[in-house]
Amino acid sequence: MEHSPVSLQSLRDIVLATRGTGAVVITRVPSTSRGWPKRVLDMGSLGVIFPFTSTRELAAQAVASCKYPPLGIRGFGAGLAASGYGMAAADYAKFADENVVVVVIIEQKQAVDDIEAIASVPGIDVLFIGANDLSYSLGVRGRTTEPIVEQAVEKVVGRGQEARHPRRLSRGQPGRGQQADRAGHPVLPGRQRSGPHEDGRPRAPVQGRAPRGGGFPTPPAAAPRPEH
């Protein structure tokens with residue numbers, strides 16, 4: 001939604017179209033306003049991507065906006081989401097608190113400067129590096145391979161590794177994701193709370209919960225497909 005004409009109505013249609021398919025909808029909201037997460041999650045999104053999360057306070061607000069009290073401040077009105085997953089209200093609230101993916105975009109110099117504080121916020125699942133906007137913030141306007149940008153990316157990646165957060169690097173240039181991956185900038189969709197068995201074997205995905213070996217939550221297999 002941030003860089004596209006997708007509206008709330010369009011998002012609702014997208015969510016309805018995915019019912020019963022096993023697809024997971026993750027929505028990039030236009031701003032860090034507390035109202036956006038509630039609206040897109042109530043429609044059935046199972047994750048929120050927050051732009052310009054440049055302070056610890058905004059990161060904490062992002063997490064709180066995605067969780068119900070006492071864990072957060074999300075208001076309950078998720079009729080479409082709960083019915084879409086075939087759950088009672090109480091079951092959906094527990095499912096959402098455990099599985100909604102919280103992604104924060106690091107795309108300003110201030111965010112890089114404060115990355116230790118941002119990455120330390122409990123409940124952050126993914127650090128997403130927006131290298132294009134970051135390059136503008138650093139004064140090199142779109143030149144994402146400039147040393148000043150590369151150094152900032154390395155700092156965020158390093159802190160993400162320390163905090164065991166998956167990182168996602170977006171440069172907006174064909175092939176740059178693969179190059180970044182080979183250069184040691186991981187492109188890892190997943191959840192901080194995931195992990196293999198103690199003996200190293202990957203955990204099998206559990207329906208309705210986050211796959212233990214990484215990746216996004218799996219919607220319940222028996223979810224009905226609501227009528228338009």
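The table for this structure:
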read-out	value
Residues satisfying the stated conditions in the range 117-146, i.e. of a type outside the set (D, E, K, R) and part of a helix (DSSP H, G or I)	Ala117, Ile118, Ala119, Ala131, Asn132, Leu134, Ser135, Tyr136, Ser137
Test for Ile106: is it modelled with pLDDT of 95 or more and surrounded by 23 or more Cβ atoms within 10 Å (Cβ to Cβ)	yes
Test result for Val149, modelled with pLDDT of 95 or more, closer than 24 Å to Arg34 by Cα and in contact with a Lys or Arg (Cβ under 8 Å, 6 or more places away or on another chain)	no
Search result, residues across the range 1-31 that are of a type in the set (Ser, Thr, Tyr) and closer than 23 Å to Glu107 by Cβ	Ser4, Thr27, Ser31
Any hit, the range 111-122, residues being within 30 Å of Ala96 (Cβ to Cβ), touching a Phe, Trp or Tyr at 6+ places or on another chain (Cβ under 9 Å), of a type in the set (A, V, I, L, M, F, W, C) and at pLDDT below 75	no
Residue among Leu41, Leu16 that is in a helix (DSSP H, G or I) and touching a Leu at 6+ places or on another chain (Cβ under 9 Å)	Leu16
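The values are calculated or read from the model by the stated rules, or taken from the named source; none is laboratory data. Just so it is clear, the model here is predicted, and its values are computed rather than measured. Neighbour counts are summed over all protein chains in view; Cβ atoms, including those assigned to glycine, are modelled from backbone coordinates with ideal geometry.
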